[in-house]
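Below: the structure, in structure tokens.
The values are calculated or read from the model by the stated rules, or taken from the named source; none is laboratory data. All figures in this text were calculated on a predicted structure; none of them were measured in a lab. Please note that ligands, DNA and RNA were not included when accessible areas were found on the heavy atoms of the full protein model with its side chains. Shrake-Rupley method; radii C 1.70, N 1.55, O 1.52, S 1.80 Å.
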Amino acid sequence: MFGRNVEVECKLEIPTSYPVSDNIPLCLIMTSNAPEAVDLVSLSHTADVRLFKVLAFGNNADSTRPLTLKDRDSYHHKDTIAEVRWELDGRPEDQERSSLRTRVVLNGEFRRKEGVEIRPSFSQGDLTLKYVVCLFPFRASHFRPAGNPTKALFMANLPLKAPK
């Protein structure tokens, strides 16, 4: 970025479980010693967080890690069912800026794609229906991730419960 390497630390806060809903809240906190980097990646369209619906069966049906050839005895099918719409928490000048670190908070929510059905998570025997949150490298000009740009940087299960 801008001819030099910078580091942006990200903390993605997601619910430990949530009722089945069209909108699921989450929060992304970004910190860096390069204010211009945080300004660039804190734009609402750059943070790429997706919710996947995963139907799996076999020995590793409940696994949350990326799959490899070792998983040939399992079947995993995943679809993107929601993406996040972000809003900056306050105005940029209200965000925490010190001489050493800049901190920006984005609040967002998963918005279900039209026509996609969301059901409660379950696991029975070798069959699992689960939802996985993935944070991918930022989609911003002048930004190149250090690793594979298509590989998730973070993955976590998000159990969805039946609404009450």
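Tabulated values for the structure
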read-out: Among residues of segment 144-163, those that are open to solvent by less than 90 Å² (accessible area, probe 1.4 Å), of a type in the set (Gly, Ala, Ser) and over 12 Å from the mean Cα position of the chain (by Cα), counted; value: 2
read-out: Members of segment 112-135 found to be at pLDDT below 90, open to solvent by 50 Å² or more (accessible area, probe 1.4 Å) and hydrophobic (A, V, I, L, M, F, W, C), listed by number; value: Leu127
read-out: In segment 35-80, residue nearest to Leu129 (Cα to Cα) [restricted to those that are modelled with pLDDT under 70 and assigned to a helix (DSSP H, G or I)]; value: Asp71
read-out: Residue satisfying all of: in segment 14-52; of a type in the set (D, E, K, R) and open to solvent by 50 Å² or more (accessible area, probe 1.4 Å); farthest from Ala140 (Cα to Cα) among these; value: Asp22
read-out: Segments classed as strands (runs of 3 or more DSSP E), wholly inside segment 96-148, with at least 2 members that are not polar (S, T, N, Q); value: 102-112, 127-136
